[in-house]
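Scroll down for the structure; my scribbles are underneath it.
Each reported figure results from applying straightforward, stated rules to the coordinates on display, with no laboratory input. Bear in mind that the values here come from a model prediction, so they are computed numbers and not experimental data.
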């Protein structure tokens, strides 16, 4: 019986993870060295935190964040302008049949971590996190 083409929610396969990490490393090195022919992109310091690859390895979504979190829209626009050049450079390091289409999104993980820290530090949550103090049996 053939394998189902629909995801069963088990998460990405080892191959997807391996290809995604290879793309992430290649993109990071490319951006670090400034090998692209766009001075606007080379002026930005961009972190590639994660690359998720679709099941058929044809679409790769790169989660990026400029240093300091500034100029997010400018960074995404510069990456989109150079999508073809980035795809060509990434495909040289891959040994798969098709070079994946690369899409760029802002990585919001750091914003979510800050929001979680803020919530945990609030008085309303802090009271629930305090250890229970034993009560005096005579006061009941």
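For the reader, a short list of remarks on this structure follows.
- Highest-fluctuation residue, 118, 81, 24 considered, GNM on the chain with Cα pairs under 10 Å: 118
- Cα gyration tensor, the chain - rounded (a/c under 1.5), prolate or oblate: oblate
- Within the chain, percent of DSSP bridges classed antiparallel, to nearest 5: 55
- Principal-axis tilt of helix 72-81 within the chain, Cα atoms, nearest 10 degrees: 20
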